[in-house]
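Accompanying notes for the structure given below.
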Amino acid sequence: MSHDHDPYRSAVIAMPSSAQLGGPEPMPFVRFPFFPTAPWYSTNPNVGYQVRYYSTGILSSDADFQIGSESIRPIQFDLPCRVVAINGAAVSLEDPADAWLNEQNMNLTYLFRAEYTTGDKLHTFPRLASTVVGNQKNPGEIGGHGYNIDQGASLQIGITPLIDDVRIDITLICLEMRAPRNFNIR
């Protein structure tokens, strides 16, 4: 039965609580693994997938580099994809072989956040990168099915350096969805 023309339909003024979002009894909720990230794959045999690494970064020689001040770096996506993980690294430009900046503490040298084209914030506030950004040995998985990005959209990456003379690189590990053509045959 359709409720499209129901005269008793109305807007929801108060958002539902978590308990109200459950399904019907006897099992309103079920457990499902969150890590490792498990992106959705289409069952359409004409859709293919390719891993692509999107990246950005900041150098202490950049015009907008300032300790304690956020710099925005946009990353444009040409194809729809799922962000599966976010990795980052920082290296001292003063002495790249300097042992004080290593894999254990490099992501403590900057704050990080990402915001979608629509204003949807993956990270609601800039935080030490080590809390949300991984590295090559321990990837910073998004969890669940990943973070969906539409074709033509972008992510605004916010990087706030906390030290001088540094290079900070950010890499998004993405699963791109590809179709074989841009027209339909009926």
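Values for this structure:
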item: Qualifying residue in region 159-171 (condition: over 26 Å from residue 108 (Cβ atoms), outside any loop (DSSP other than H, G, I, E, B), at pLDDT 95 or above and not aliphatic (A, V, I, L, M)); result: no
item: Residues of region 114-123 classified as in contact with a Lys or Arg (Cβ under 8 Å, 6 or more places away or on another chain) and either basic (Lys, Arg) or part of a loop (DSSP other than H, G, I, E, B) (or both), total; result: 3
item: Candidate set: region 50-66, residues that are of a type in the set (Val, Ile, Thr) and under 15 Å from the mean Cα position of the chain (by Cα); chosen: the one farthest from residue 76 (Cα to Cα); result: 51
item: Positions within region 41-97 being at pLDDT 95 or above, among the polar types (S, T, N, Q) and under 17 Å from residue 175 (Cα atoms), in sequence order; result: 55, 76, 87
item: Flag if residue 73 is surrounded by 12 or more Cβ atoms within 10 Å (Cβ to Cβ), closer than 23 Å to residue 119 by Cβ and among the basic types (Lys, Arg); result: yes
item: Flag if residue 120 is more than 18 Å from residue 177 (Cα to Cα), within 13 Å of the chain's Cα centre (by Cα) and either among the charged types (D, E, K, R) or surrounded by 15 or more Cβ atoms within 10 Å (Cβ to Cβ) (or both); result: yes
item: Qualifying residue in region 73-89 (condition: in contact (Cβ under 8 Å) with a residue 60 or more places away in the chain and in contact with a helix residue (DSSP H, G or I) (Cβ under 7 Å, 6 or more places away or on another chain)); result: yes
item: Close pairs (9 angstrom Cβ cut-off, 6 or more residues apart or separate chains): under 24 Å from residue 143 (Cα atoms) in region 14-34, small (Gly, Ala, Ser) and not in a loop (DSSP other than H, G, I, E, B) anywhere; result: 28/19
item: Single unsatisfied condition, residue 178 versus (1) within 15 Å of the chain's Cα centre (by Cα); (2) closer than 16 Å to residue 81 by Cα; result: (1)
item: Some residue of region 101-110 being surrounded by 14 or more Cβ atoms within 10 Å (Cβ to Cβ), at pLDDT 95 or above and of a type outside the set (S, T, N, Q); result: yes
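The values are calculated or read from the model by the stated rules, or taken from the named source; none is laboratory data. Just so it is clear, the structure is predicted and the values come from calculations on it, not from any experiment. All Cβ positions, glycine included, derive from the backbone under ideal geometry; neighbour counts span all protein chains shown.
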